[in-house]
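Data first, discussion second: the structure below is written as structure tokens.
Each reported figure results from applying straightforward, stated rules to the coordinates on display, with no laboratory input. Just so it is clear, the model here is predicted, and its values are computed rather than measured. A quick note on method: Cβ atoms are made from the backbone with ideal geometry, for glycine too, and the neighbour counts reach across all protein chains shown.
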């Protein structure tokens, strides 16, 4: 089951922020895995699966926005890019609910690609945060 992506901690400690980013990355990775699993099902993804995944993508995007608001510089840019990709993925999932045939498949493929890109951007934010901490 997908875990709810956490909001950043209000304590402001470095380790808590890193934990929040790590949890966000884990949630995004789990969502990507669930999306690829749904697509790989015999007969393709069920519309009910896609509705649920769109809601979870919105939740992860909201969490990423909260984390981005608490970050600075490079990590914030990566998280902002991740939010854009998450929102795009959510939009493609919503589009797929009204589509059929090749249009459905194209929407789902775009959603998975955007989700994969968002996971990459979140990972880059984690790396940027670690690099900034190690330079201090």
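Going by what's in this entry, would residue 125 be described as more than 10 Å from the chain's Cα centre (by Cα), in contact (Cβ under 8 Å) with a residue 60 or more places away in the chain, surrounded by 23 or more Cβ atoms within 10 Å (Cβ to Cβ) and not in a loop (DSSP other than H, G, I, E, B)? When the stated conditions are applied, residue 125 passes them.
Taking the listed residues 114, 95, 73, the one that is on the phi > 0 side of the Ramachandran plot and in contact (Cβ under 8 Å) with a residue 12 or more places away in the chain is 73, with no other qualifying. If you go through region 57-92 and pick out every residue that is buried (at least 21 other Cβ atoms within 10 Å of the Cβ) and closer than 18 Å to residue 109 by Cβ, you end up with 6.
With the requirement that a residue be within 13 Å of the chain's Cα centre (by Cα) and surrounded by fewer than 18 Cβ atoms within 10 Å (Cβ to Cβ), what does region 107-116 give you? Even if it seems obvious, please write down each step before you answer.
Residues of region 107-116 within 13 Å of the chain's Cα centre (by Cα): 111-116.
Within region 107-116, 113, 116 qualify.
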